[in-house]
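Take a look at the structure set out below.
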Amino acid sequence: MKPWQIESAIAELCKDIERVVERKDYTCMSEQDLTFELLICILGSGVRYELSLAYASAVQSAQVPRRLKKRMNSNERAYSIEGILNSPAYSSINGKTYSRYRYPKRAAKHIAESFYNIEQKYGSLKDMVGAMNAPSDLRRELIYLCPGIGPKQSSHYVKNIGFTDNVAILDRHILNYLKLIDDVDICPKQVSKIDKYEEIERRFIDKVSKFNHAVSVVDQSMWFVMRALGKEAYT
């Protein structure tokens with residue numbers, strides 16, 4: 001498929017995304033809302049979105065983040081979460097019930113430590129977000145305070161709470177697009193560090209300015225198109 005054909009499909013889909021996707025405003029979000037989005041990001045590493053959403057809902061419903069504020073040592077906090085991640089959870093997206101989360105012990109530890117670190121430094125997630133002056137500040141602080149969250153997941157959070165639209169989720173589909181139009185092969189491991197991630201993100205933002213849509217909209221549209229095309233994008 002020719003690059004111009006792919007970009008034409010991306011441009012058309014951008015219009016639909018602009019029309020139907022509801023943007024959030026972090027200044028109007030509650031602590032519970034901000035917590036839910038962070039749970040999705042922590043649980044979303046290496047698993048399908050439907051699975052992360054199901055277990056984020058389960059953890060939130062059990063009011064685990066609120067209970068973590070009580071005096072509990074690290075093992076006790078993680079243990080209370082691990083029990084939920086080892087239990088069945090329902091996905092409202094596909095109507096499927098999952099028997100367990102894919103990495104329960106690791107994810108439980110990451111959730112417990114993340115919320116503990118945020119509470120110790122800021123008191124609440126809302127206070128942390130409110131203290132940030134720029135998207136890059138929030139992204140780097142999440143990486144620093146939240147075990148298991150890297151540049152891609154922190155970018156998801158920054159975008160999902162409406163902190164900025166000028167951010168890209170550099171997964172393999174987006175990297176494949178850059179390879180297609182720039183003929184530069186970028187290994188996913190290269191974007192595991194924030195400095196390199198932001199360098200490639202700037203290149204991506206420059207390339208997609210021609211679409212005349214917010215970067216987050218183009219990014220989402222491109223993800224759908226490149227994922228749907230698969231190997232056909234290179235033939």
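Numerical summary
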quantity	calculated
Point-charge dipole on Cβ atoms (K/R +1, D/E -1) for region 26-160, about Cα centre, debye to 20	360 debye
Amide H within-cut-off set for Met132, under 5 Å, with H built and near neighbours excluded	none
Likely footprinting exposure, Trp223, Trp4, fewest C-beta neighbours within 10 Å first	Trp4, Trp223
Backbone HN-Hα couplings from phi across region 163-178 [Karplus 6.51/-1.76/1.60, Hz, Gly and Pro as x]	5, 7, 9, 9, 9, 10, 9, 7, 8, 5, 5, 6, 5, 5, 5, 4
Set Lys15/Lys210; Lys105/Lys152; Lys2/Lys189; Lys159/Lys210; Lys159/Lys189 screened for pairs whose C-alpha atoms are more than 24 Å apart	Lys2/Lys189
Computed lengthening from Glu12 to Glu50, 0.36 nm per intervening residue step minus Cα-Cα distance	11.1 nm
Per-residue HN-Hα couplings for region 202-208 [Karplus 6.51, -1.76, 1.60; θ = phi - 60°; Hz; x = Gly/Pro]	4, 5, 4, 4, 5, 5, 9
Cβ-based charge dipole, the chain, positive-most Cα from Met29, Ile181, Tyr98	Tyr98
Cβ-placed point charges (K, R +1; D, E -1), dipole of the chain about Cα centre in debye, nearest 20	840 debye
Prolate/oblate/rounded label for the chain (Cα gyration tensor, a/c 1.5)	prolate
Global form of region 112-235, assessed from the alpha-carbon gyration tensor, a/c cut-off 1.5	prolate
HN-Hα J in Hz across region 186-191 - Karplus 6.51, -1.76, 1.60, θ = phi - 60°, x for Gly and Pro	10, 6, x, 5, 5, 9
Amide proton proximity set for Ser87, modelled H, under 5 Å, gap of 5+	Tyr101
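Laboratory data are not the source of any read-out in this text; all were calculated from the coordinates shown. Bear in mind the structure is a predicted one, so any value in this text is a computation, not a measurement. Cβ sites come from the backbone with ideal geometry, for glycine too, and all protein chains shown count toward neighbours.
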